[in-house]
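See structure below.
The values are calculated or read from the model by the stated rules, or taken from the named source; none is laboratory data. Predicted model only: the values in this text are computed from it and were never measured. In this analysis, Cβ positions are derived from the backbone assuming ideal geometry, glycine residues included, and neighbour counts consider all displayed protein chains.
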Amino acid sequence: MQAVIKKKAKELLECGTVDRVLGWKAGEFFYDLTPAVFTTPEEIDKDFVFSVFSGANMSKYLIEETKKEGKVAAFIKPCDSYSLVQLQKEHRIKRENCYIVGIACDGMCDMGLVREAGIKGATAVSEKDDKLVLETIYGEKEMPKEKALLERCVHCKSKKVVDFDEMIGENGEENPDCGRFDEVERLEAMTPDERFAFWRSQLSRCIRCNACRNVCPACSCEKCVFDNPDSGIAQKAAASDFEENNFHIIRAYHVAGRCTDCGECSRVCPQNIPLHLLNRKFIKDMNELYGFYQAGADFETKPPIMNYTTNDAEPSVVYQRGGSK
Amino acid sequence: MKTEDMIKEITRISGGNPAKCMKCGKCSGACPAYDEMDYHPHQFVNMVLDGRIEELANSKGIINCLSCFACLERCPRSVEPARIIEAVRVVTLREQGKNHLKPDGIPAILDDDLPQQAITSALRKYAK
Amino acid sequence: MQVKENFTPTIVAFCCNWCSYAGADLSGNNRLEYPANVKIIRIPCSCRLNPMFILRAFQRGADGVILCGCHPGDCHYTTGNYYARRRMTLLFSMLDYLGIEKERTRVEWVSAAEGAKFAQTMNEFVEAVTALGENKRLEDLRCKQ
Amino acid sequence: MKFSYYPGCTLSAKAKDLDEYGRKAAEALGITLEELPEWQCCGAVYPNATDEIATRLSSVRALSNAKKAGMPLVTLCSACHHVIKRVNHDMLNNVDIREKVNTYLGTMEGAEPYEGDWQVIHYLEMLRDCVGFDELKAKVVNPLKGKKIGAYYGCLLLRPGKEMQMDDPENPTILEDFIRAIGAEPVYYGMRNECCGGYITVEDKAQAKKRVNAITDNARNSGAEMLITACPLCHYNLQKNADEPIQTVYFTELLAEALGVK
Amino acid sequence: MQRIGVFVCWCGSNIAATVDVQAVADALAKEPGVVFATNYQYMCSQTGQDMIQEKIKELGLTGVVICSCSPRMHEATFRRTCEKAGLNPYMVEIANIREQVSWVHKDKAVGTEKAIILGRAAIAKVQLNTPLIAGESPVTKRALVIGGGIAGIQTALDIADAGFPVDIVETKPTIGGKMAQLDKTFPTLDCAACILTPKMVDAGQNDNIRILSYSEVEEVKGFVGNFEVKIRRKARYVKEDLCTGCGLCMEKCPQKKVPNEFNMGLDNRTAIYIPFAQAVPKVATIDANYCLMLKNGKCGLCSRNCTAGAIDYKQQDEFIEEKYGAIVVATGFNPISLDKFDEFAYSKSPDVVSSLEFERLMNAAGPTGGTLLRPSDRTHPHTIVFVQCVGSRCDASAEKGKEYCSKICCMYTAKHAMLTREKYPDTEVYVFYIDVRTPGKSFDEFYRRAVEQYNVHYIKGMVGKVVPEGGKLKVQASDLLDNRQIHIDADMVVLAAAIEPDKSARPLATKLTASMDTNDFFTEAHPKLRPVESPTAGVFLSGTCQGPKDIPETVAQAGAAASKVIGLLVKDKLIGNPCVAKPNELMCNGCSSCEKVCPYGAITYEDKPFRGPNRTTLIRRVACVNPAVCQGCGACTVACPSGAMDLQGFSNRQIMAEVDAICK
């Protein structure tokens, strides 16, 4: 895969289709891949990496990249493509300034799970059939890829790239039965006390590093509401702990209807807080109350939270719905 | 059964709502069995609302209604008198003790040996 | 959960200017009593209610928050309460999901003619929140145990 | 094209013509009608009362079996179609009935729950929607030229229109289109969708007679030479109870004749 | 920090009896920013107001809090008071300590405590108030009337009489609407044409009125006082300015088999046509669906015979753009389609007609020259059955017909029955009714005359089936008062079909961002107090587009709408409500979330240059709110994820401050 993608990237630069290529390059470690912009075939040869750790959602970077002169190419996985469309819906990405190469994806991996599987000292990764092959300082080690998949890939909602100029590999299908709401349902079935205990234990670990906000394609505001002095909530000087307490609730609310469930927030959280479960709760509620909606699946449909019907459920429906134990 | 309960019962079984009637009489204008019925479709609706179910139960109307659904189809108010007539008929047959089973009672008498035909046929006795 | 003796909850009631605020005025005109711990904030329309206001109220010590607006279909701005209805439904569901007692939040449609309903709603709501006791959860959702 | 087929009791006994010609014609049209194994009587009268469960069971079994076979269910007898179609509608739309029926069938027969999610169509709908009347016309070898035929719909096929969803209950065209397709001339008459009194024919002959006479007079005065129907009850009633009966045949008989397989 | 003055009102004993006003004033005096606090018996009295003004001037107050009755009562009063003293009126906040405190709490200690808290909240809000200045916008002194029926004509005439130019856009080739098709009008029985056509001529000749017939509204932009409307002038293939309306082309046109819509399809017209003799403008129109020349290029007879040289087969649709200060919707009604009511054999027998068709059959200018003849065989009918409420008053779940009463059918049916009996005393007339609804001046008397003087048979009951047989219509119906089913061999059946809003109304409402009810009638700004205004500022309603109406009601509403329009157009500028949404462009993402929830279309987007890093300029899409259109509901402020959109007068910070003050 990496070879094909690199070839395509070089080709696009060489024949002048694009001026820049948005891809991944290795950070401090081989698994620590970060988005990067390449301008020459040489750079691509040298630094461009695509592996099972290329989980980063590229769409958000297109906001800034497409503001610039010239055209940029981006390699977009199925889950990234929903964000790509959603951001176009919100007029954030100039589609004419980018060239989208869709790439088929059968899941990205989590280095934490590799370590949990007992593989230490890894220095490089490759794929063989459905196994991960890791070169380690202790020799070559193998593990089944499915054991190392990111949570969001285990419950992959769609393998379909919804917007692209060309595809590498065969485009896949949506997978409505991916079971991504199972965990939400499990929480809903708990008592309020149990749920409170769960969330308190999770959220109290938050160190407010803003990694979730920085990576989230929906959190791409020019200025975040928490940094907006006129919002009434960004009064750091007043020693308010309002922000501290409610940051994640408000963040989830603000992305409701726009969150494509790409799972980046949980992937990047250094404290491993399952933030996606907040977003999925909103998605699940909206699906159940207002009909199925997938942000970024098309260019037309209004997000349910910006829409209404005259016979919507009353807020009191919350009293009757699940989780009332 | 008290009259009020009777009204509720008829309404429930019919699946219709006699209170929606605007007394236009289109049902009785459409009815092909009008002359044979002593009480006519619009009267069924009105009398059920008034609780005069006893009179209806003893009327020829419940037998002479052809269940052709002309009144149901043409009713502008979705009262659908055919359903109400049928409900009176069903309740009458059940009340008269011609059968001892009610569908709600089925789970109570289920046992392993009872053939399902027995239940089906027993239940069917009151239907027609 | 600790319940203080003679606990009187702090209740914030957001009322839309056109129906519910007038409904509250009417309950005053008719001298219909409701507990004094209900404090009304006037907003132009139920759709002006930002979920952040509710969270803020809770975090600053409110024990219950209620939103009153025009009945669906009667909004002065035609559609405001329809948006408010979806927003509040989703927010309340989320708070419930986080384990916050859902009886602390409520939406009620009160028209300008429903002074009695306003007073009755407030009486019921205060009673329900009093039964729950002090709101602690939203105040300290993130506090280390 | 393959369909599950539900003939019903009357077609196995008193209305063999309706069934036999129906099968022959289907064959000539390249349609396979697979009779449902072990079908039971539909109950003949749709249980209007919403709390009757037992009388809905056999229809549900038929629908459920057709679903298992993976083919839409085709009926031919108007009465059977009326019952099965409406029970299907109940199973889809009435939660109470659906749950009770499924509980019963589940406990007694270990059957899979059925949700009203299978299609049941009348033979005529099969002709119109699956074969197409133009296609049918092309396959006619023996057009019934010059025959002035009145379509008799009766009540069961069309009403209640919201549930039967076959045609406009007050201005149906399906039988007229059929008559045109087999080369004959349809005759409109107003009483074509009025009741023949079939349900009362045993108890009150006089009432049935009155109904039938009104229909046959109107048809004859409007220029019909013969009537066609899909209902064994109407067929019987129109033939036996009219003072001056007008020739009445099953539509399948004319279909078979036109296709040259009679 | 503001300099705030607090004024606590006793309202006589209304407040003072259960609130310790002195204690309230004392407590609030200690709040930050408060430089003065007092109490007085009646703040709204002249003395009270004078005191406030004095203190503003004396202490240089920048904010005022009045603890008194509901702001719904006296907010406007106190704002004016402060404005006169030189303080911006939006620097005033009211703490409602009467309706919300003294009248609902009996315990003085409790009431006093709550009054102090409400006062604190108001002070906290005033701290964050900013002076607001209402925006002004100019008014284009021209009105647009959409629809040229009696409603549109009357509105246009009234506006024109006041000296303002008006355009009437009518989709048909002539104005006149439904009223032009009517024979006589109830309850006076004067001839519709006799009273309508003079008005049509007036409209045609009025210097202030421009009639854009055969035209449609294509696009509406702008807002109250400043609408920009694009109008499509459909190609009529005849030059309007040249055509003299002589009608020679109609004589020569070989295509004579076009169903004549003016006569409800009961007869035919030619492909080039003038709908009726009194049409305004009296100009021919070519029906492109039938014209042989336009269809296959072979004919050209009209062109050859037209001495004025008005025919232009190459004409194309044209667009004109015009600015208007106000728009009046007068799109009118149509009878519903009777497709779903074939138990009356409407589609099977030509002798079963709708009331509007019957109207044409009675009309001297109609297809039968005013002699009542059956459409099937042109014979004189001897028995006529009228059926009322066909498709009106239906239950929604019946899925056919309308839920409302169409209002006019009872009266026009009585008229039809009466006229029939008057002209043809040998004709038996039956009217089947559910209720006879005749509220209106001289209406019930009119109906009674039909019964008593003209012996019309009114039967309480409904027709259930109509069977055509042997040239007759066998009507089966119920007679509820007699408790019998009756059978009538009729020659004609007339169906009083429900009326519904014209189909063009729904898309028009979208273009105007005007709201509609579920029946597609336009909604009024207030059902009782603002019945001729739409909730969308600058859009007014005239006639049946707002609900079923008869002619006098329509004309009355037309006049009312005109007076509202005149009231708007006489102003040189409009002063808006300054409490409107305002985006912070530096924070706006341009994501369109706010636009999606705006009920008024007040939000648009502009690409604006912003200073970027390293002296670059970035173009960003940002939201712009038109303050003249925004009504200040605040829906957008919550939809905005970054908080860039805020509502003046009810800003995020102000409401948060109130929350904090209350929860402290």
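Odds and ends about this structure:
- The criterion of being in a helix (DSSP H, G or I) and aliphatic (A, V, I, L, M) holds for C:Leu95.
Quick grid of which residues meet (1) part of a loop (DSSP other than H, G, I, E, B); (2) in contact with a helix residue (DSSP H, G or I) (Cβ under 7 Å, 6 or more places away or on another chain); (3) modelled with pLDDT under 95; (4) over 20 Å from A:Ser201 (Cβ atoms):
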position	(1), (2), (3), (4)
A:Cys265	no, yes, yes, no
A:Gln271	yes, no, yes, no
A:Asn279	no, yes, no, no
A:Val318	no, yes, yes, yes
A:Ser324	yes, no, yes, yes
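- Neighbours by Cβ (under 9 Å, 6+ apart or cross-chain): first from region B:13-35, more than 7 Å from every other protein chain (Cβ to nearest Cβ); second of a type in the set (Phe, Trp, Tyr): B:Pro18/B:Phe44; B:Cys27/B:Phe44
- In region A:188-236, residue farthest from the other protein chains (Cβ to nearest Cβ) [restricted to those that are among the polar types (S, T, N, Q) and assigned to a loop (DSSP other than H, G, I, E, B)]: A:Asn210
To keep it simple, each residue is scored yes or no on (1) crowded, with 19+ Cβ neighbours inside 10 Å; (2) without any contact (Cβ under 8 Å) to a residue 24 or more places away in the chain; (3) within 30 Å of E:Gln631 (Cβ to Cβ).
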residue	(1), (2), (3)
E:Ala496	yes, no, no
E:His526	no, yes, yes
E:Gly538	yes, no, yes
E:Thr554	yes, no, yes
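Results for (1) surrounded by 19 or more Cβ atoms within 10 Å (Cβ to Cβ); (2) among the polar types (S, T, N, Q); (3) under 25 Å from E:Thr171 (Cβ atoms), shown as yes or no for each residue.
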| residue | (1), (2), (3) |
| --- | --- |
| E:Tyr273 | yes, no, yes |
| E:Val280 | yes, no, yes |
| E:Val283 | yes, no, yes |
| E:Glu322 | no, no, yes |
| E:Pro335 | yes, no, yes |
| E:Lys348 | no, no, no |
| E:Ser354 | yes, yes, yes |
| E:Val385 | yes, no, no |
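- For region E:482-489, the criterion of being away from chain B (no Cβ under 13 Å) and surrounded by fewer than 24 Cβ atoms within 10 Å (Cβ to Cβ) is met by at least one residue.
- Residue ID - surrounded by the fewest Cβ atoms within 10 Å (Cβ to Cβ), chosen from residues in region D:52-109 that are more than 14 Å from chain B (Cβ to nearest Cβ) and part of a loop (DSSP other than H, G, I, E, B): D:Gly70
- Considering region C:72-94, the residues that are more than 8 Å from chain A (Cβ to nearest Cβ) and modelled with pLDDT of 90 or more include one that is nearest to E:Ala509 (Cα to Cα), namely C:Gly80.
- Residues in region A:287-307 that are more than 22 Å from A:His91 (Cβ to Cβ) and either among the aromatic types (Phe, Trp, Tyr) or at the interface with another protein chain (Cβ under 10 Å from one of its Cβ atoms) (or both): A:Glu288, A:Leu289, A:Tyr290, A:Phe292.
- Residue within region E:601-620 that is closer than 19 Å to C:Ile66 by Cα, charged (D, E, K, R) and out of contact with any strand residue (DSSP E or B) (no Cβ under 9 Å at 6 or more places or on another chain) present: no
- Unique match (being within 30 Å of A:Val4 (Cα to Cα), exposed (fewer than 14 other Cβ atoms within 10 Å of the Cβ) and either aromatic (Phe, Trp, Tyr) or more than 12 Å from every other protein chain (Cβ to nearest Cβ) (or both)) among A:Glu142, A:Glu151: A:Glu142
- Looking at region C:1-84, none of the strands (runs of 3 or more DSSP E) lying wholly inside it contains 3 or more residues that are small (Gly, Ala, Ser).
- Evaluation of E:Lys106 against (1) more than 10 Å from every other protein chain (Cβ to nearest Cβ); (2) surrounded by fewer than 24 Cβ atoms within 10 Å (Cβ to Cβ) (one fails), failing number: (1)
- Selection status of A:Ile103, among the aliphatic types (A, V, I, L, M), over 30 Å from E:Ile619 (Cα atoms) and assigned by TED's automatic domain parsing to the domain that holds A:Tyr61: yes
- Scanning region E:283-313 for residues that are outside any helix (DSSP H, G or I) and free of Cβ contacts under 8 Å to residues at least 40 places away in the same chain, we see that the one that is nearest to E:Phe262 (Cα to Cα) is E:Asp287.
- Of the set (1) within 14 Å of chain E (Cβ to nearest Cβ); (2) assigned to a helix (DSSP H, G or I); (3) surrounded by 23 or more Cβ atoms within 10 Å (Cβ to Cβ), all apply to D:Tyr153 but (2).
- Comparison of E:Cys624, E:Cys591 shows that the only residue that is touching a residue at least 40 places away in the same chain (Cβ under 8 Å), crowded, with 20+ Cβ neighbours inside 10 Å and either in contact with an Asp or Glu (Cβ under 8 Å, 6 or more places away or on another chain) or more than 20 Å from E:Val220 (Cα to Cα) (or both) is E:Cys591.
- Applying the set (1) of a type outside the set (D, E, K, R); (2) surrounded by fewer than 24 Cβ atoms within 10 Å (Cβ to Cβ); (3) at negative phi to D:Ala44 leaves exactly one unmet item: (3).
- Per-region count, region C:30-48, residues out of contact with any Pro (no Cβ under 8 Å at 6 or more places or on another chain) and more than 7 Å from chain E (Cβ to nearest Cβ): 4
- Qualifying residue in region E:202-209 (condition: part of a helix (DSSP H, G or I), over 20 Å from E:Glu359 (Cβ atoms) and of a type in the set (A, V, I, L, M, F, W, C)): yes
Here is a yes/no grid of residues against (1) under 22 Å from D:Ala44 (Cβ atoms); (2) under 17 Å from the mean Cα position of the chain (by Cα):
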residue	(1), (2)
D:Val140	no, no
D:Ala151	no, yes
D:Pro160	yes, yes
D:Met166	yes, yes
D:Gly183	no, no
D:Tyr188	no, no
D:Cys195	yes, yes
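- Every test in (1) loosely packed, with under 15 Cβ neighbours inside 10 Å; (2) of a type outside the set (D, E, K, R); (3) within 18 Å of the chain's Cα centre (by Cα) is passed by A:Met167 save one, and that test is (3).
- Of all residues in region E:253-264, one or more are assigned to a helix (DSSP H, G or I) and surrounded by fewer than 20 Cβ atoms within 10 Å (Cβ to Cβ).
- Those strands (runs of 3 or more DSSP E) of region E:366-476 in which 3 or more residues are in contact with a strand residue (DSSP E or B) (Cβ under 8 Å, 6 or more places away or on another chain), over 22 Å from E:Glu500 (Cβ atoms) and within 13 Å of chain B (Cβ to nearest Cβ) occupy E:463-469.
- Among residues of region E:601-612 being surrounded by fewer than 20 Cβ atoms within 10 Å (Cβ to Cβ) and over 18 Å from A:Ser220 (Cα atoms), the one that is nearest to the other protein chains (Cβ to nearest Cβ) is E:Tyr605.
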